[in-house]
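For reference, the structure discussed in these notes is given below.
The values are calculated or read from the model by the stated rules, or taken from the named source; none is laboratory data. Here the structure is a predicted model, which is why all the values come from computation and not from measurement. Here the Cβ positions follow ideal geometry from the backbone for every residue, glycine too, while neighbour counts run over all protein chains shown. The protein model used for the area step is the full one, side chains on, heavy atoms only, and it has no ligands, DNA or RNA in it. Shrake-Rupley method; radii C 1.70, N 1.55, O 1.52, S 1.80 Å.
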Amino acid sequence: MNPSLEAYLTDLYERGREHDAPLADRLLRLRNMTPAAAAFVSVLIRVQRSLRVLEIGTSNGYSAIWFADAVRDTAGRLTTVEIDAARVAEARANLAAAGVAGHVDVVHADGGQVLESAADASVDLVVLDAERPAYLGYWPHLLRVLTPGGVIAVDNAVSHREQVAGFLELMAADGGFAVHVHEIGDGVLTAVRLPRS
């Protein structure tokens, strides 16, 4: 990552923390992924050489900037989905200011609906950073859209362990994934789709 982009991300993250600090209502907060978690997922994108990355839960675009920088290196593309119109506009502005907008499609929609409409085996890596109770409902569509060797990355797997416990159990019980919780940032749960026997 070049120094100017790194500086931009540092400033954006700090502004997000200042925005969130006085707000009691979690839905009004930006709730950005931590820098450590975003960097970790960016490494996964580069290691996998992901061409098609889907993020559900854009917020103001902080993590999307990390992922867009990664897909720029893999010649891939990021689609990031956000249901709040004001956040969509903010994310587009931040991505443009960071110089990575050309590698991202920001979609104003419900994440579950985007998954439902996605083509089979059309996504290499999915990042879930949205409303955690919805993840169980995403599962059938995640199975369908994920490519062989594809990765699901779930933020807040430690900070909100109880809210992702059911989803973790579902993935582990499937038997077709290598599942691990990484103690990075607020915790990142990864599930890597195993080759079919």
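Quick look at the values:
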item: C-alpha center-to-center spacing [segment 26-86, segment 147-191] in angstrom; result: 17
item: Amide H within-cut-off set for GLY150, under 5 Å, with H built and near neighbours excluded; result: ARG193
item: Within the accessible area of the chain (1.4 Å probe), percent carbon and sulfur; result: 57
item: Of the DSSP H helices in the chain, those whose Cα atoms cover at least 30 Å axially and whose Kyte score averages -1.0 or more; result: none
item: Highest-MSF residue in the chain out of LEU28, LEU170, LEU78 [GNM, Cα springs under 10 Å]; result: LEU28
item: GLU183/ARG72 FRET efficiency (R0 22 Å; Cβ-Cβ; nearest 0.05); result: 0.20
item: Other-chain or far-sequence residues with amide H under 5 Å of MET33's (modelled H); result: SER63
item: Extension gain (nm, one decimal) between ALA36 and HIS108, 0.36 nm per residue minus Cα-Cα; result: 23.3 nm
item: Rough spin-label spacing in nm, given labels placed 7 Å along Cα→Cβ, for ALA7 and ALA173; result: 5.2
item: Residues whose placed amide H lies under 5 Å from that of HIS182, excluding near-sequence neighbours; result: VAL188, LEU189, THR190
item: Accessible surface, per residue, of segment 1-122 when the full set of protein chains is kept, probe 1.4 Å, Å²; result: 46
item: GLU169 - accessible surface, heavy atoms, 1.4 Å probe, Å² rounded to 10; result: 120
item: Which of HIS19, HIS182 is most accessible, then next, and so on - probe 1.4 Å; result: HIS19, HIS182
item: Gained length - VAL47 relative to ALA134, 0.36 nm times residue gap less alpha-carbon distance; result: 28.5 nm
